[in-house]
Amino acid sequence: MNECLKSRIGVDIFQPVIPDYRVALLEGLDAQHDLDVSVQASSPFVRNGSISVPLKIKHYNPRHVCLKIGPFFWQKNNRFVCAKKRGDVIVICGNVLHLSNYWLVIKAMFLGIGVIWWGHHRSSTSTEWAVKLRLFITKCFSDIFLCYTEAGGRFLVERGFNPQRVCALGNTINEDEILVACREWTNEKLREFQKENGLLGKRVFLFCGRLKPRTQLDVLFRAMTHPPLKNLDMILVVIGDGSERQKFTRIAEEVGVAGRVRWLGQLSCQDKMAPWFLSSELFVYPGAIGLSLLHAFSYGLPVVAHDNREHQMPEFDLLTPNETGFYFEEGNASDLSRVAHEALSDKSRLSSMSEKARKVVYEKYNMSNMVNNFKQAILMCSNRKRKNNVAGG
(Lines give C-alpha, C1' and ligand atoms only; values in the text may rest on other atoms or scores of the structure.)
Protein backbone atom coordinates (compact mmCIF):
# COMPACT_ATOMS: atom_id res chain seq x y z
CA MET A 1 0.00 0.00 0.00
CA ASN A 2 2.81 2.39 0.90
CA GLU A 3 4.59 1.62 -2.38
CA CYS A 4 1.35 2.36 -4.24
CA LEU A 5 1.06 5.75 -2.55
CA LYS A 6 4.69 6.56 -3.31
CA SER A 7 4.16 5.82 -7.01
CA ARG A 8 1.23 8.24 -7.35
CA ILE A 9 1.89 11.37 -9.35
CA GLY A 10 1.40 14.52 -7.33
CA VAL A 11 -0.62 17.11 -9.28
CA ASP A 12 -1.23 20.72 -8.23
CA ILE A 13 -3.78 22.59 -10.34
CA PHE A 14 -3.71 26.40 -10.08
CA GLN A 15 -6.66 28.30 -11.54
CA PRO A 16 -8.10 31.83 -11.15
CA VAL A 17 -11.55 30.47 -10.27
CA ILE A 18 -13.38 27.12 -10.28
CA PRO A 19 -16.72 27.44 -12.14
CA ASP A 20 -19.46 24.85 -11.75
CA TYR A 21 -18.81 23.33 -15.18
CA ARG A 22 -15.33 22.22 -14.01
CA VAL A 23 -16.56 20.24 -10.99
CA ALA A 24 -16.98 16.89 -12.78
CA LEU A 25 -13.57 17.20 -14.44
CA LEU A 26 -11.62 18.03 -11.28
CA GLU A 27 -13.44 15.52 -9.11
CA GLY A 28 -12.91 12.94 -11.87
CA LEU A 29 -9.16 13.59 -11.80
CA ASP A 30 -9.11 13.35 -8.02
CA ALA A 31 -10.79 9.92 -8.28
CA GLN A 32 -7.89 8.49 -10.31
CA HIS A 33 -6.05 6.02 -8.06
CA ASP A 34 -2.62 6.87 -9.49
CA LEU A 35 -2.96 10.66 -9.07
CA ASP A 36 -2.75 12.76 -5.91
CA VAL A 37 -4.52 16.01 -6.79
CA SER A 38 -4.80 19.45 -5.24
CA VAL A 39 -6.77 22.40 -6.64
CA GLN A 40 -6.05 26.02 -5.72
CA ALA A 41 -8.04 29.07 -6.82
CA SER A 42 -9.29 32.50 -5.80
CA SER A 43 -12.78 33.41 -4.65
CA PRO A 44 -13.93 35.88 -5.63
CA PHE A 45 -11.71 36.41 -8.65
CA VAL A 46 -10.98 40.13 -9.00
CA ARG A 47 -11.57 40.47 -12.74
CA ASN A 48 -15.25 39.53 -12.77
CA GLY A 49 -16.20 38.73 -9.19
CA SER A 50 -16.69 35.02 -9.99
CA ILE A 51 -17.00 32.72 -6.99
CA SER A 52 -15.30 29.31 -6.90
CA VAL A 53 -17.81 26.52 -6.31
CA PRO A 54 -17.28 23.71 -3.76
CA LEU A 55 -15.33 20.59 -4.75
CA LYS A 56 -15.51 17.20 -3.07
CA ILE A 57 -11.78 16.57 -3.05
CA LYS A 58 -9.34 16.33 -0.17
CA HIS A 59 -6.91 19.06 -1.21
CA TYR A 60 -8.91 22.10 -2.28
CA ASN A 61 -8.22 25.72 -1.40
CA PRO A 62 -10.41 28.35 -3.14
CA ARG A 63 -9.40 31.15 -0.81
CA HIS A 64 -6.18 32.48 -2.33
CA VAL A 65 -6.32 36.27 -2.60
CA CYS A 66 -5.85 37.53 -6.16
CA LEU A 67 -4.38 41.00 -6.70
CA LYS A 68 -4.91 43.06 -9.85
CA ILE A 69 -1.93 45.17 -10.87
CA GLY A 70 -2.87 47.12 -14.00
CA PRO A 71 -3.64 44.44 -16.61
CA PHE A 72 -1.79 41.79 -14.58
CA PHE A 73 -2.81 39.39 -11.81
CA TRP A 74 -1.00 37.91 -8.84
CA GLN A 75 -2.51 35.03 -6.90
CA LYS A 76 -1.09 35.20 -3.37
CA ASN A 77 0.18 32.31 -1.25
CA ASN A 78 0.02 29.62 -3.92
CA ARG A 79 1.99 26.63 -2.72
CA PHE A 80 2.87 23.14 -3.80
CA VAL A 81 0.68 20.65 -1.92
CA CYS A 82 0.88 17.36 -3.81
CA ALA A 83 3.61 18.12 -6.37
CA LYS A 84 6.76 17.69 -4.29
CA LYS A 85 9.04 15.21 -6.02
CA ARG A 86 10.68 14.80 -9.42
CA GLY A 87 8.18 13.75 -12.03
CA ASP A 88 5.23 15.35 -10.29
CA VAL A 89 3.21 17.93 -12.24
CA ILE A 90 1.67 21.38 -11.82
CA VAL A 91 -1.10 22.74 -14.06
CA ILE A 92 -1.36 26.49 -14.59
CA CYS A 93 -3.95 28.60 -16.40
CA GLY A 94 -3.01 29.75 -19.88
CA ASN A 95 -3.43 33.47 -19.29
CA VAL A 96 -0.01 35.09 -19.80
CA LEU A 97 -1.10 38.04 -17.62
CA HIS A 98 -1.09 35.89 -14.47
CA LEU A 99 2.38 36.80 -13.22
CA SER A 100 2.23 34.46 -10.24
CA ASN A 101 2.30 31.55 -12.69
CA TYR A 102 5.89 32.35 -13.64
CA TRP A 103 7.05 32.05 -10.05
CA LEU A 104 5.36 28.64 -9.87
CA VAL A 105 7.09 27.55 -13.07
CA ILE A 106 10.53 28.66 -11.87
CA LYS A 107 10.01 26.80 -8.61
CA ALA A 108 8.89 23.69 -10.52
CA MET A 109 11.97 23.80 -12.74
CA PHE A 110 14.29 23.72 -9.71
CA LEU A 111 12.38 20.80 -8.19
CA GLY A 112 12.23 18.74 -11.39
CA ILE A 113 8.44 19.07 -11.55
CA GLY A 114 6.64 19.14 -14.91
CA VAL A 115 4.50 22.07 -16.06
CA ILE A 116 1.24 21.81 -18.03
CA TRP A 117 -0.02 25.03 -19.63
CA TRP A 118 -3.81 24.66 -19.79
CA GLY A 119 -5.69 27.09 -22.00
CA HIS A 120 -6.68 28.38 -25.40
CA HIS A 121 -4.29 28.14 -28.31
CA ARG A 122 -5.84 31.45 -29.33
CA SER A 123 -8.94 33.38 -28.31
CA SER A 124 -11.64 35.27 -30.19
CA THR A 125 -9.88 38.61 -29.59
CA SER A 126 -6.29 37.51 -30.23
CA THR A 127 -4.21 39.52 -32.68
CA GLU A 128 -1.40 37.80 -34.56
CA TRP A 129 1.31 39.38 -32.45
CA ALA A 130 -0.55 38.33 -29.27
CA VAL A 131 -0.75 34.75 -30.53
CA LYS A 132 2.98 34.72 -31.30
CA LEU A 133 3.79 36.12 -27.86
CA ARG A 134 1.57 33.59 -26.10
CA LEU A 135 3.10 30.67 -28.00
CA PHE A 136 6.65 31.92 -27.34
CA ILE A 137 5.96 32.23 -23.61
CA THR A 138 4.30 28.81 -23.54
CA LYS A 139 7.30 27.14 -25.19
CA CYS A 140 9.62 28.72 -22.64
CA PHE A 141 7.57 28.04 -19.52
CA SER A 142 5.88 24.67 -19.98
CA ASP A 143 6.50 21.03 -20.84
CA ILE A 144 3.02 20.31 -22.23
CA PHE A 145 0.42 22.60 -23.83
CA LEU A 146 -3.03 21.24 -22.95
CA CYS A 147 -5.35 22.97 -25.44
CA TYR A 148 -9.11 22.62 -25.72
CA THR A 149 -9.69 20.85 -29.05
CA GLU A 150 -7.95 18.63 -31.59
CA ALA A 151 -8.04 21.51 -34.07
CA GLY A 152 -6.18 23.57 -31.47
CA GLY A 153 -3.55 20.85 -31.26
CA ARG A 154 -3.09 20.88 -35.02
CA PHE A 155 -2.77 24.67 -34.91
CA LEU A 156 0.03 24.42 -32.33
CA VAL A 157 1.93 21.80 -34.33
CA GLU A 158 1.62 23.97 -37.46
CA ARG A 159 3.09 26.83 -35.41
CA GLY A 160 6.17 24.82 -34.56
CA PHE A 161 5.26 22.93 -31.40
CA ASN A 162 6.68 19.45 -30.95
CA PRO A 163 3.66 17.06 -31.22
CA GLN A 164 5.01 15.33 -28.11
CA ARG A 165 4.41 18.56 -26.19
CA VAL A 166 0.77 19.01 -27.25
CA CYS A 167 -2.39 17.40 -25.85
CA ALA A 168 -6.04 18.08 -26.69
CA LEU A 169 -8.44 18.15 -23.76
CA GLY A 170 -11.73 17.65 -25.59
CA ASN A 171 -13.33 20.46 -23.61
CA THR A 172 -16.95 19.75 -22.69
CA ILE A 173 -19.55 19.87 -19.91
CA ASN A 174 -20.99 17.13 -17.71
CA GLU A 175 -23.42 15.42 -20.07
CA ASP A 176 -24.64 13.05 -17.34
CA GLU A 177 -26.37 15.94 -15.55
CA ILE A 178 -28.16 16.78 -18.79
CA LEU A 179 -29.28 13.19 -19.35
CA VAL A 180 -30.71 13.05 -15.83
CA ALA A 181 -32.48 16.38 -16.28
CA CYS A 182 -33.98 15.34 -19.62
CA ARG A 183 -35.42 12.11 -18.21
CA GLU A 184 -37.53 14.16 -15.82
CA TRP A 185 -39.34 15.87 -18.71
CA THR A 186 -41.83 13.49 -20.27
CA ASN A 187 -43.69 14.65 -23.38
CA GLU A 188 -46.79 15.33 -21.30
CA LYS A 189 -44.90 17.28 -18.64
CA LEU A 190 -42.99 19.26 -21.27
CA ARG A 191 -46.17 20.17 -23.14
CA GLU A 192 -47.73 21.44 -19.90
CA PHE A 193 -44.59 23.54 -19.30
CA GLN A 194 -44.82 25.00 -22.80
CA LYS A 195 -48.51 25.79 -22.32
CA GLU A 196 -47.85 27.55 -18.99
CA ASN A 197 -45.05 29.63 -20.52
CA GLY A 198 -46.80 30.59 -23.74
CA LEU A 199 -44.53 28.56 -26.01
CA LEU A 200 -47.10 26.39 -27.75
CA GLY A 201 -47.34 27.20 -31.44
CA LYS A 202 -44.25 29.42 -31.29
CA ARG A 203 -40.89 28.94 -33.00
CA VAL A 204 -38.48 29.08 -30.06
CA PHE A 205 -34.86 30.21 -30.38
CA LEU A 206 -32.48 29.87 -27.45
CA PHE A 207 -29.39 31.74 -26.34
CA CYS A 208 -27.47 30.61 -23.25
CA GLY A 209 -24.25 32.21 -22.07
CA ARG A 210 -22.67 35.13 -20.27
CA LEU A 211 -23.85 38.52 -21.45
CA LYS A 212 -20.53 40.10 -22.36
CA PRO A 213 -19.46 42.36 -25.26
CA ARG A 214 -18.24 39.40 -27.33
CA THR A 215 -21.74 37.88 -27.11
CA GLN A 216 -23.01 40.40 -29.72
CA LEU A 217 -26.61 39.68 -28.80
CA ASP A 218 -27.58 42.97 -30.45
CA VAL A 219 -26.92 41.35 -33.85
CA LEU A 220 -29.62 38.77 -33.10
CA PHE A 221 -32.06 41.47 -31.97
CA ARG A 222 -31.53 43.34 -35.22
CA ALA A 223 -31.92 40.09 -37.16
CA MET A 224 -35.38 39.79 -35.62
CA THR A 225 -36.33 43.09 -37.30
CA HIS A 226 -35.37 41.82 -40.78
CA PRO A 227 -37.62 39.69 -42.95
CA PRO A 228 -38.20 36.78 -42.70
CA LEU A 229 -37.68 36.63 -38.89
CA LYS A 230 -39.63 39.88 -38.55
CA ASN A 231 -42.76 38.08 -39.68
CA LEU A 232 -42.10 34.83 -37.80
CA ASP A 233 -44.18 33.99 -34.74
CA MET A 234 -41.14 33.37 -32.58
CA ILE A 235 -39.79 33.78 -29.07
CA LEU A 236 -36.15 34.23 -28.18
CA VAL A 237 -35.26 32.77 -24.78
CA VAL A 238 -32.15 34.27 -23.16
CA ILE A 239 -30.50 32.34 -20.32
CA GLY A 240 -27.61 34.10 -18.62
CA ASP A 241 -26.48 37.31 -17.03
CA GLY A 242 -23.46 39.57 -17.16
CA SER A 243 -22.03 43.05 -17.56
CA GLU A 244 -23.97 43.78 -20.79
CA ARG A 245 -27.43 42.76 -19.55
CA GLN A 246 -28.76 46.33 -19.27
CA LYS A 247 -27.24 47.34 -22.59
CA PHE A 248 -28.76 44.39 -24.44
CA THR A 249 -32.14 44.94 -22.75
CA ARG A 250 -32.10 48.55 -23.89
CA ILE A 251 -31.20 47.60 -27.47
CA ALA A 252 -34.04 45.06 -27.59
CA GLU A 253 -36.45 47.81 -26.61
CA GLU A 254 -34.96 50.34 -29.04
CA VAL A 255 -35.26 48.05 -32.07
CA GLY A 256 -38.76 46.94 -31.09
CA VAL A 257 -38.27 43.24 -30.25
CA ALA A 258 -38.49 43.36 -26.43
CA GLY A 259 -41.93 41.71 -26.50
CA ARG A 260 -40.49 38.68 -28.29
CA VAL A 261 -37.57 38.19 -25.87
CA ARG A 262 -37.86 36.15 -22.67
CA TRP A 263 -35.12 37.08 -20.17
CA LEU A 264 -34.56 34.25 -17.67
CA GLY A 265 -31.35 35.46 -16.05
CA GLN A 266 -28.79 33.05 -14.66
CA LEU A 267 -30.18 29.54 -14.09
CA SER A 268 -28.05 27.52 -11.71
CA CYS A 269 -28.74 23.90 -12.65
CA GLN A 270 -29.68 21.72 -15.61
CA ASP A 271 -33.09 20.69 -14.28
CA LYS A 272 -34.16 24.35 -14.53
CA MET A 273 -32.60 24.83 -17.95
CA ALA A 274 -33.72 21.54 -19.49
CA PRO A 275 -37.36 22.44 -20.37
CA TRP A 276 -36.23 25.60 -22.15
CA PHE A 277 -33.62 23.72 -24.18
CA LEU A 278 -36.07 20.92 -24.95
CA SER A 279 -38.71 23.44 -26.08
CA SER A 280 -36.34 25.17 -28.53
CA GLU A 281 -35.56 24.42 -32.16
CA LEU A 282 -32.34 26.38 -32.64
CA PHE A 283 -29.49 27.59 -30.48
CA VAL A 284 -28.37 30.98 -31.80
CA TYR A 285 -25.10 32.55 -30.66
CA PRO A 286 -24.28 35.68 -32.69
CA GLY A 287 -20.87 36.34 -31.07
CA ALA A 288 -17.83 34.27 -30.09
CA ILE A 289 -19.17 30.87 -29.07
CA GLY A 290 -17.27 28.56 -26.75
CA LEU A 291 -18.45 25.88 -24.34
CA SER A 292 -22.07 26.93 -24.99
CA LEU A 293 -21.80 25.04 -28.27
CA LEU A 294 -21.27 21.74 -26.41
CA HIS A 295 -24.10 22.66 -24.06
CA ALA A 296 -26.45 23.03 -27.02
CA PHE A 297 -25.21 19.83 -28.67
CA SER A 298 -25.83 17.91 -25.42
CA TYR A 299 -29.53 18.73 -25.77
CA GLY A 300 -29.51 17.98 -29.49
CA LEU A 301 -29.88 21.61 -30.55
CA PRO A 302 -28.36 22.63 -33.90
CA VAL A 303 -26.29 25.82 -33.55
CA VAL A 304 -26.28 29.01 -35.60
CA ALA A 305 -22.98 30.91 -35.28
CA HIS A 306 -21.00 33.43 -37.31
CA ASP A 307 -18.46 32.25 -39.87
CA ASN A 308 -15.27 34.12 -38.90
CA ARG A 309 -13.04 31.48 -37.31
CA GLU A 310 -10.48 34.12 -36.29
CA HIS A 311 -13.08 35.70 -33.98
CA GLN A 312 -14.34 32.46 -32.45
CA MET A 313 -13.42 30.40 -29.41
CA PRO A 314 -11.74 26.97 -29.78
CA GLU A 315 -14.97 24.94 -29.46
CA PHE A 316 -16.27 26.56 -32.66
CA ASP A 317 -14.20 24.00 -34.59
CA LEU A 318 -16.73 21.32 -33.60
CA LEU A 319 -19.51 23.01 -35.56
CA THR A 320 -19.90 21.43 -38.99
CA PRO A 321 -22.09 23.54 -41.29
CA ASN A 322 -25.19 21.76 -42.60
CA GLU A 323 -24.48 18.79 -40.31
CA THR A 324 -24.65 20.13 -36.76
CA GLY A 325 -25.56 23.74 -37.46
CA PHE A 326 -25.28 26.77 -39.69
CA TYR A 327 -22.98 29.71 -40.39
CA PHE A 328 -24.01 33.29 -41.05
CA GLU A 329 -21.84 36.22 -42.07
CA GLU A 330 -20.27 37.81 -38.99
CA GLY A 331 -22.13 40.91 -37.83
CA ASN A 332 -24.68 40.71 -40.67
CA ALA A 333 -28.15 40.82 -39.08
CA SER A 334 -29.92 40.36 -42.41
CA ASP A 335 -27.93 37.22 -43.18
CA LEU A 336 -28.59 35.84 -39.69
CA SER A 337 -32.31 36.37 -40.25
CA ARG A 338 -32.13 34.51 -43.57
CA VAL A 339 -30.04 31.61 -42.23
CA ALA A 340 -32.16 31.10 -39.11
CA HIS A 341 -35.38 31.08 -41.12
CA GLU A 342 -33.99 28.65 -43.68
CA ALA A 343 -32.82 26.40 -40.83
CA LEU A 344 -36.42 26.09 -39.64
CA SER A 345 -37.79 25.34 -43.10
CA ASP A 346 -36.86 21.64 -43.11
CA LYS A 347 -37.91 19.74 -39.97
CA SER A 348 -36.43 16.44 -41.11
CA ARG A 349 -33.06 18.12 -41.65
CA LEU A 350 -33.23 19.69 -38.18
CA SER A 351 -34.03 16.28 -36.71
CA SER A 352 -31.02 14.75 -38.45
CA MET A 353 -28.80 17.59 -37.25
CA SER A 354 -30.07 17.10 -33.73
CA GLU A 355 -28.92 13.47 -33.71
CA LYS A 356 -25.52 14.37 -35.16
CA ALA A 357 -25.07 17.12 -32.58
CA ARG A 358 -25.77 14.66 -29.75
CA LYS A 359 -23.25 12.21 -31.18
CA VAL A 360 -20.50 14.84 -31.05
CA VAL A 361 -20.93 14.97 -27.27
CA TYR A 362 -22.03 11.50 -26.26
CA GLU A 363 -19.61 9.60 -28.50
CA LYS A 364 -16.50 11.79 -28.25
CA TYR A 365 -16.66 15.12 -26.41
CA ASN A 366 -17.95 13.68 -23.14
CA MET A 367 -16.73 14.04 -19.57
CA SER A 368 -15.25 10.56 -19.34
CA ASN A 369 -13.02 11.24 -22.35
CA MET A 370 -12.16 14.69 -21.04
CA VAL A 371 -10.94 13.30 -17.71
CA ASN A 372 -8.95 10.62 -19.54
CA ASN A 373 -7.39 13.17 -21.92
CA PHE A 374 -6.37 15.36 -18.99
CA LYS A 375 -4.87 12.36 -17.23
CA GLN A 376 -2.94 11.38 -20.35
CA ALA A 377 -1.49 14.90 -20.49
CA ILE A 378 -0.37 14.51 -16.86
CA LEU A 379 1.23 11.14 -17.59
CA MET A 380 2.99 12.51 -20.68
CA CYS A 381 4.27 15.50 -18.73
CA SER A 382 5.47 13.33 -15.84
CA ASN A 383 7.23 10.84 -18.13
CA ARG A 384 8.80 13.65 -20.13
CA LYS A 385 10.11 15.27 -16.96
CA ARG A 386 11.43 12.03 -15.55
CA LYS A 387 13.34 11.31 -18.76
CA ASN A 388 14.75 14.82 -18.85
CA ASN A 389 15.80 14.56 -15.22
CA VAL A 390 17.55 11.24 -15.87
CA ALA A 391 19.27 12.61 -18.96
CA GLY A 392 20.35 15.67 -17.01
CA GLY A 393 21.79 13.59 -14.18
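The values are calculated or read from the model by the stated rules, or taken from the named source; none is laboratory data. A quick note: this is a predicted structure, and the numbers were derived from the prediction, not measured. When we count neighbours, we look across all protein chains shown, and the Cβ atoms used for this are built from the backbone with ideal geometry, even at glycine.
Residue by residue, here is whether (1) assigned by TED's automatic domain parsing to the domain that holds LEU29; (2) under 26 Å from the mean Cα position of the chain (by Cα); (3) over 15 Å from LYS385 (Cβ atoms); (4) modelled with pLDDT of 95 or more holds:
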| residue | (1), (2), (3), (4) |
| --- | --- |
| SER50 | yes, yes, yes, no |
| ARG86 | yes, no, no, no |
| ILE90 | yes, yes, no, yes |
| TYR102 | yes, yes, yes, yes |
| LYS107 | yes, no, no, yes |
(request) Provide a single number: the residues in the stretch 197-212 that are in contact with a strand residue (DSSP E or B) (Cβ under 7 Å, 6 or more places away or on another chain) and farther than 22 Å from GLN266 by Cβ. (result) 2
(request) With the checklist (1) assigned by TED's automatic domain parsing to the domain that holds SER292; (2) surrounded by fewer than 17 Cβ atoms within 10 Å (Cβ to Cβ) in hand, flag the one item MET313 doesn't pass. (result) (2)
(request) Kindly indicate which of THR149, THR127 is touching a Pro at 6+ places or on another chain (Cβ under 6 Å) and farther than 18 Å from ASN388 by Cβ. (result) THR149
(message) Here are the criteria: (1) surrounded by 17 or more Cβ atoms within 10 Å (Cβ to Cβ); (2) free of Cβ contacts under 8 Å to residues at least 60 places away in the same chain. Tell me which single one ASN372 does not satisfy.
(response) (1)
(message) Quick check on my filter: what residues within the stretch 295-335 are modelled with pLDDT under 95, out of contact with any Gly (no Cβ under 9 Å at 6 or more places or on another chain) and among the acidic types (Asp, Glu)?
(response) GLU310
(request) Among the residues of the stretch 104-123, count how many are farther than 13 Å from GLY152 by Cβ and touching a residue at least 24 places away in the same chain (Cβ under 8 Å). (result) 10
(message) Just to check your reading of the model, which residue among GLN216, GLN194 is touching a Ser or Thr at 6+ places or on another chain (Cβ under 6 Å), more than 19 Å from ASP20 (Cβ to Cβ), assigned by TED's automatic domain parsing to the domain that holds PHE297 and surrounded by 13 or more Cβ atoms within 10 Å (Cβ to Cβ)?
(response) GLN194
(request) At least 2 residues that are among the basic types (Lys, Arg) and touching a strand residue (DSSP E or B) at 6+ places or on another chain (Cβ under 7 Å) in each: list the helices (runs of 4 or more DSSP H) lying fully within the stretch 305-393 that qualify. (result) 367-391
(message) Restricting to the stretch 18-54, name every residue that is over 20 Å from ASN366 (Cα atoms) and buried (at least 19 other Cβ atoms within 10 Å of the Cβ).
(response) LEU35, ASP36, VAL37, SER38, VAL39, GLN40, ALA41, SER42, PHE45, SER52
(request) Please determine, by comparing only the residues of the stretch 37-55 that are of a type in the set (A, V, I, L, M) and part of a loop (DSSP other than H, G, I, E, B), which one is farthest from ARG210 (Cα to Cα). (result) LEU55
(message) in contact with a Phe, Trp or Tyr (Cβ under 9 Å, 6 or more places away or on another chain), surrounded by fewer than 18 Cβ atoms within 10 Å (Cβ to Cβ) and not hydroxyl-bearing (Ser, Thr, Tyr): which single residue out of GLU355, GLU363, GLU342 fits that description?
(response) GLU342
(request) Scan the stretch 164-196 for residues that are part of a loop (DSSP other than H, G, I, E, B) and without any contact (Cβ under 8 Å) to a residue 40 or more places away in the chain and jot them down. (result) THR186
(request) Would you be able to tell me the number of residues in the stretch 320-352 that are aliphatic (A, V, I, L, M) and over 12 Å from PHE283 (Cα atoms)? (result) 3
